[in-house]
Amino acid sequence: MQDSLQNKSPVRGSFITFEGTEGAGKSTQIAYVKAFLEAQGIDVVTTREPGGTPLGESVRELLLTKEMSQMTELLLMFAARAEHIAKVILPAIKAGKWVLCDRFTESSYAYQGYARGLPLSDIKALEALVQGDLRPDCTFWFNLPVVEGMKRVQSRGKKDRFEAENIHFFEKVSAGFKALSQARPTQFCIIDAMAPIDQVTDAILKKIESLPAYQARGGDDER
């Protein structure tokens, strides 16, 4: 998190991201975390990528439904992200709010980098350009066997362009998240997405309660 953010806000906000392959259960857990934090008197903003702004949601529709080159896909992701950071994420953090984001740049590394095969150096350059020194305080990676994730997506019905990819694609995505978790161990918290929902929630909230931003505000540890 940028030091400047701490100086501009009397109460430090926090930026938490949720990552994983399709069907990992991120959305369900984001709702639980939001309810928990709000019960502690914390202002929470929930958002998603791609999306999060009117422009971002329009880009999301293109990304999920239209065929395009791999580089176009990557650049659209970061265009939407630039708008998202400027209009939603940074203003919320500066106001002392907690931002819970369903996917962020780590998904670009996993999907467009490891799975699509685009150079990781290109993604790193875009990350620096668009984000500056903004990084998540914590990234929850929902580690789920690829086959299980595909089964869960199948039960939803119609698939978007990413959900329709084959098992080999998602194996590369999963490998990408694993590599990122190893490269950024202080940022990543690995969650067993095969565990019962209540156990997943407990693991996430335990980590939330250990974060400096939570401890600094004297959060109530009793749940």
Checklist entry - Tell me, what is the percent relative contact order of the range 15-209, built from C-alpha pairs under 8 Å that lie six or more residues apart? => result 33
Checklist outcome for this item: Placing each pseudo-label 7 Å from Cα in the direction of the beta carbon, MET71 and ALA128 end up separated by a distance in nanometres of 2.0
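Just list whichever of LYS26/LYS151; LYS34/LYS124; LYS159/LYS206 have alpha carbons separated by over 24 Å in the model shown.
Over 24 Å Cα-Cα: LYS34/LYS124; LYS159/LYS206.
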Checklist entry - Non-local amide H neighbours of GLY20 (under 5 Å, H modeled in plane, Pro and chain starts lacking H): which ones? => result PHE142
Next on the checklist: 7 Å from Cα along Cα→Cβ at both LEU64 and GLU148: what's the point-to-point distance in nm?
Outcome noted: 2.4
Checklist entry - What are the ³J(HN,Hα) values, in whole Hz, obtained from phi via the Karplus relation 6.51 cos²θ - 1.76 cosθ + 1.60 with θ = phi - 60°, for each residue of the range 157-165 in sequence order, with x given for Gly and Pro? => result x, 4, 9, 7, 4, 7, 4, 7, 5
Checklist entry - Among (1) 137; (2) 116; (3) 175, which one is volume of the Cα convex hull per residue in Å³ computed from these coordinates? => result (2)
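Loop-only check: which GluC sites (Glu not before Pro) in the range 39-69 are DSSP coil with at most 11 other Cβ within 10 angstrom?
On the way: sites: GLU57, GLU61, GLU67; in loops: GLU67.
Answer in residue order: GLU67.
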Checklist entry - How do the peptides 171-179, 70-78 rank, highest first, by the average count of neighbouring beta carbon atoms within 10 Å per residue? => result 171-179, 70-78
Checklist entry - Got a sec to turn the phi values of the range 116-131 into Karplus ³J(HN,Hα) couplings, 6.51 cos²θ - 1.76 cosθ + 1.60 with θ = phi - 60°, whole Hz, x for Gly and Pro? => result 7, x, 6, x, 4, 5, 5, 5, 4, 5, 5, 4, 5, 5, 7, 9
Checklist entry - Could you work out the helix-only [θ] at 222 nm for the chain, with each DSSP H run of four or more residues adding -39,500 (n - 2.57) and the total divided by the number of residues, to the nearest 500 deg cm²/dmol? => result -15000 deg cm²/dmol
Next on the checklist: Please rank ASP43, ASP198, fewest neighbouring Cβ atoms within 10 Å first, as an exposure proxy.
Outcome noted: ASP198, ASP43
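All of the numbers you see were taken from the coordinates with simple rules; none came from a lab. Owing to the predicted nature of the structure, the values given are computational and were not obtained by experimental measurement. Heads up, the Cβs are rebuilt from the backbone with ideal geometry, glycines too, and the neighbour counts pull from every protein chain shown.
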